[in-house]
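See structure below.
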Amino acid sequence: MAGVATAFLCPALATADANGWKYLMERLIADGVPATRVRQTFDDPRLPAFDGIEFAPKPHGESKSMYRRFLKPASTAGARRCRQENAAALEAAQRQEGVSANVVAAILYVETGCGRNTGSHRIFYRLARLAMADEPENFRQNLQRVREENSSDDSIEAKLRARARYLDETFYPEARASFLVAERLGVEPLDLRGSISGAFGYPQFLPTSYLRHGVDADHDGQISLVDPADAAASCARYLASNGWRAGITQKQRRQVIWTYNRSDAYIDAVLTLAARIDQPVALAKARKTSTKSNKHHPPAKKRRG
């Protein structure tokens, strides 16, 4: 009966199956996304066919080196400009949510250069691909590949199944939420642009984060993450909702930012920039000069014994 109902709701599924998306389309329709919207989105020529997505039993973590540049003087200056140019929005968010304006500015700078690089990828396509990880044929092909690479590991199928389940549970809700985000913004899902990982706007929110934590700070009737006021308020709301409050310890701050990006290097970059924003420029220059001087005149070695 379920198959008959699905075919009735979305007669274009047979065509869509040639493009590889039938599995995801059926799930979206079953979960209440209007069949006409699903069909329109997957029939859109801007959406490439699904040709599979490879994944491993263990995720590849972020490289620490990708955040090193944020510890350089140029990034400190950039984060400081972000804080100054958006002072009104950041301070309003701080008053409303109790989250440091400097921390929000640092996050916006690390994520997108304070809105200068929000990404140009179609986020629905990126999220939809990840939501297809556990599609039966895609899983079978991945299992065949990893078995050849890990022939001595008898538990490889269980590990891969767990990873597929994680990807499904993480990204299927994001693909589904994209329809509601697009509706609220008055666009089509394929019009949403952002990063290769499916995040968008100044703070690089995934669709469910937009729906849960988005704030219409400028009261124009729409939450826009490319508007500085909405972006700052939404980022602050996210952090407050995950435990940020006045007076928390440095360890607690790290735990909150961990929910934003599970990378110690990312957390280090954000908190370092936040601390440096208020650092007097003259003091920063003095420290830089002192560092250069010490390179030419290394300190005397301490005597032992």
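The values are calculated or read from the model by the stated rules, or taken from the named source; none is laboratory data. Since this is a predicted model, take the numbers as computed values, not measurements. Neighbour counts run over all protein chains shown; Cβ positions are idealised from the backbone, glycine included.
Here's the yes/no breakdown for (1) among the acidic types (Asp, Glu); (2) touching an Asp or Glu at 6+ places or on another chain (Cβ under 6 Å); (3) over 26 Å from residue 65 (Cβ atoms):
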position: 195; (1), (2), (3): no, no, no
position: 205; (1), (2), (3): no, no, no
position: 211; (1), (2), (3): no, no, yes
position: 217; (1), (2), (3): no, yes, yes
position: 232; (1), (2), (3): no, no, yes
position: 250; (1), (2), (3): no, no, no
position: 254; (1), (2), (3): no, no, no
position: 267; (1), (2), (3): no, no, no
position: 270; (1), (2), (3): no, no, no
Does residue 113 meet the test of being in contact with a Lys or Arg (Cβ under 7 Å, 6 or more places away or on another chain) and either surrounded by fewer than 19 Cβ atoms within 10 Å (Cβ to Cβ) or at pLDDT 95 or above (or both)?
no
When you go through (1) in a helix (DSSP H, G or I); (2) in contact with a helix residue (DSSP H, G or I) (Cβ under 9 Å, 6 or more places away or on another chain); (3) surrounded by fewer than 19 Cβ atoms within 10 Å (Cβ to Cβ) one by one for residue 166, which number turns out not to apply?
(2)
Of the conditions (1) assigned to a helix (DSSP H, G or I); (2) in contact with a helix residue (DSSP H, G or I) (Cβ under 6 Å, 6 or more places away or on another chain); (3) polar (S, T, N, Q); (4) free of Cβ contacts under 8 Å to residues at least 40 places away in the same chain, residue 224 satisfies every one except a single condition; which number is it?
(1)
Within region 237-274, restricting to residues that are of a type in the set (A, V, I, L, M) and over 19 Å from residue 113 (Cβ atoms), the one that is surrounded by the most Cβ atoms within 10 Å (Cβ to Cβ) is 239
Taking region 123-161 and keeping residues assigned to a helix (DSSP H, G or I), surrounded by 13 or more Cβ atoms within 10 Å (Cβ to Cβ) and hydrophobic (A, V, I, L, M, F, W, C) leaves 123, 124, 127, 128, 130, 131, 139, 143, 146, 156, 160
Being at pLDDT below 95, part of a loop (DSSP other than H, G, I, E, B) and surrounded by 11 or more Cβ atoms within 10 Å (Cβ to Cβ) narrows it down to one residue among 57, 48; which is it?
57
Can you name every residue in region 227-247 that is under 23 Å from residue 87 (Cα atoms) and not in a helix (DSSP H, G or I)?
227, 244, 245, 246, 247
Residues of region 177-200 that turn out to be in contact with a helix residue (DSSP H, G or I) (Cβ under 6 Å, 6 or more places away or on another chain) and under 23 Å from residue 242 (Cα atoms), as a count
5
Would it be correct to say that residue 33 is in a helix (DSSP H, G or I) and either β-branched (Val, Ile, Thr) or under 21 Å from the mean Cα position of the chain (by Cα) (or both)?
no
